[in-house]
Amino acid sequence: MRQPAPIAVALDAPDLETAARWAGLVTPHVSTVKIGLELYLRYGPGVVASIRGASGVRVFLDLKLHDIPATVAGAARAVARLRPDIVTVHATGGPEVVRAAVRAAPDTVIAAVTVLTSLGSADLEAIGLRGPLPDAVRRLAVLAVGAGARALVCSPREVAAVRAEVGPDIKLITPGVRPPGSDRNDQARVATPEEALREGADLLVIGRPITGAPDPGAAAAAIAAPLRRLAPAD
């Protein structure tokens, strides 16, 4: 049986039926599906079981928790009951927030978001986060791993530098991945799937280039095929 490619398909669908259909189409080709904040808030916790179905596909619950440590701990504990494989928190919440999530959901991979891929250097300056941008990403990565995060979310532009900082055992998840010729949409820091894997990414988040295609299953298969040769087996 062919190994699914290390892709998390972002199911940013207008309704649950569409999201579940997309998941069914892409699951033979990719390892993971990503449920974001909009879908989760619209349909509630039951969306995780609906999307996972009987396929056993890995579920990446991308809620980007960001609050005081006690609140994040409670939220992480609540979503851990849904058995997601990965849950995100914002590293900018600080080490105690990351630590609280890790302790509250010990069987879930807590992935700390460093700097959103929609932000550029000017945005970083505007919100008062000390740059340059790659340095800010590295600082947040080290902070989060020190607090117990087992995964990090960073753009493919910074993934090599982050890998050098945190070593081989931390899962690096990269949004902002676009096949050649695809529209950037609202992503500022992007790379192709092959570039991201070669730089050291473990899981590539790809949404609209797959879900916006006339046949999402065929699009996932086409993107996945060359990546299987580059990605190490799990």
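Rule-based calculations on the coordinates, nothing more; no lab input. Remember, it's a predicted structure, so these values are computed and weren't measured experimentally. Because the Cβ atoms are built from the backbone with ideal geometry, glycine has one as well, and the counts that use them run over all protein chains shown.
Here is how the numbers come out for the structure above:
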quantity: Rounded if a/c under 1.5, otherwise prolate or oblate - the range 131-176, Cα gyration tensor axes; calculated: oblate
quantity: The range 40-71 and the range 103-181: distance between their alpha carbon centers, rounded to Å; calculated: 20 Å
quantity: Student exercise, the chain dipole from Lys, Arg, Asp, Glu Cβ charges, in Debye to nearest 20; calculated: 440 debye
quantity: The chain, relative contact order in percent, only Cα pairs under 8 angstrom and at least six apart counted; calculated: 20 percent
quantity: Label-to-label distance, nm, for residues given as ALA213 and GLU38 (7 Å Cα→Cβ offset); calculated: 2.1 nm
quantity: Burial order of peptide ranges 62-73, 88-99 (average beta-carbon count within 10 Å, highest first); calculated: 88-99, 62-73
quantity: Distribution of pairwise C-alpha distances over the chain, 5 Å bins, in %; calculated: 1, 7, 15, 19, 21, 18, 13, 6, 1, 0
quantity: Using θ = phi - 60° and Karplus 6.51 cos²θ - 1.76 cosθ + 1.60, couplings along the range 130-137 (whole Hz; Gly, Pro as x); calculated: 5, x, x, 4, x, 5, 4, 4
quantity: Segment VAL142-ASP67, extension gain: residue separation times 0.36 nm, minus the distance between their alpha carbons; calculated: 25.0 nm
quantity: Built amide H within the under 5 Å cut-off of SER155, gap 5+; calculated: VAL115
quantity: Contact order relative to length of the range 1-132, as percent, for alpha carbon pairs under 8 angstrom and 6 or more apart; calculated: 18 percent
